[in-house]
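Visitor: One structure coming up, written as structure tokens, with questions to follow.
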Amino acid sequence: MKQKFARFMFGRYGMDELSKFLTYVTFILLAVSLFLGASAKTAVFTLAVLTMALSYFRIFSKNIEKRRTENAKYLSRKHRITEWFGLRRDMWKQRREYRFFKCPSCRAMLRVPKGKGKIRVVCKKCGTAFEKKT
Ligand SMILES: [Zn+2]
């Protein structure tokens, strides 16, 4: 049985982070569908089945290169989102000591000490200078 499965999986893509994520989404959708009325339940349940089908399609796919590209795209998006939340969390933790400004030209987040009055902020990334009250 185990050998048969191993032979079946030979040359196929297998599990990755994106498929794991799709599996979580499937379970969340199934859980949500339990609390919905008849028509919404059908819609969410169908979506869950489609998500599951997509995840299985990816796992058993033989187009390994394409699946790898999809996974890389997913990982980079996930990284950007976690980074965004991480930055917000750090800003919240440091809100008493620092003020945060977005650089007007490159949109980088800049941190300056609070309570210094009007100061000239110079962006570390692109060198743009602007005045702000802290
Ligand atoms: Zn800048």
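The values are calculated or read from the model by the stated rules, or taken from the named source; none is laboratory data. Computed from a predicted model, the values in this text were never measured in an experiment. Note that each Cβ is placed from the backbone with ideal geometry, even for glycine, and that neighbours are counted across all protein chains shown. Side chains included, ligands, DNA and RNA excluded: accessible areas come from the protein's heavy atoms. Shrake-Rupley method; radii C 1.70, N 1.55, O 1.52, S 1.80 Å.
Visitor: For residues that are among the small types (Gly, Ala, Ser) and within 19 Å of PHE21 (Cβ to Cβ), scanning just the stretch 54-105, find the one that is nearest to the ligand (Cβ to nearest atom). Give the derivation first.
Guide: Step one: list which residues in the stretch 54-105 are among the small types (Gly, Ala, Ser), which gives 55, 61, 72, 76, 86, 105.
Of the ones still in play, those that are also within 19 Å of PHE21 (Cβ to Cβ) are 55, 61, 72, 76, 86.
Values: SER55: 40, SER61: 42, ALA72: 28, SER76: 22, GLY86: 20 Å.
Per the criteria, the residue is GLY86.
Visitor: Let me ask something else about it. Restricting to the stretch 1-32, give me the number of residues that are outside any loop (DSSP other than H, G, I, E, B) and at pLDDT below 95. Write out each step before concluding.
Guide: From the stretch 1-32, those outside any loop (DSSP other than H, G, I, E, B) are 2-9, 17-32; that's our starting set.
Filter again for at pLDDT below 95, leaving 2-9.
Final tally of qualifying residues: 8.
Visitor: Against the condition part of a helix (DSSP H, G or I) and either within 22 Å of the chain's Cα centre (by Cα) or not assigned by TED's automatic domain parsing to the domain that holds MET15 (or both), how does PHE85 come out, does it pass? If you could, list the steps in order and put the result at the bottom.
Guide: Numbers: part of a helix (DSSP H, G or I): yes; either within 22 Å of the chain's Cα centre (by Cα) or not assigned by TED's automatic domain parsing to the domain that holds MET15 (or both): yes.
In short, yes.
Visitor: Further question: For the subset of the stretch 54-90 comprising residues that are free of Cβ contacts under 8 Å to residues at least 12 places away in the same chain and open to solvent by less than 80 Å² (accessible area, probe 1.4 Å), which member is nearest to ARG7 (Cα to Cα)?
Guide: THR69
Visitor: While we're looking at this one, here's another question. For the stretch 107-121, what are the residues that are near the ligand (Cβ under 9 Å from one of its atoms) and either surrounded by 12 or more Cβ atoms within 10 Å (Cβ to Cβ) or part of a strand (DSSP E or B) (or both)? Steps first, answer last, please.
Guide: Looking only at the stretch 107-121, we keep the residues that are near the ligand (Cβ under 9 Å from one of its atoms), and these are 107-108, 110.
Passing the criteria: ALA108, LEU110.
Visitor: Which condition number in (1) of a type outside the set (Val, Ile, Thr); (2) farther than 30 Å from LEU18 by Cβ; (3) within 16 Å of the ligand (Cβ to nearest atom); (4) open to solvent by 100 Å² or more (accessible area, probe 1.4 Å) is the one that LYS133 fails?
Guide: Here LYS133 clears every test but (3).
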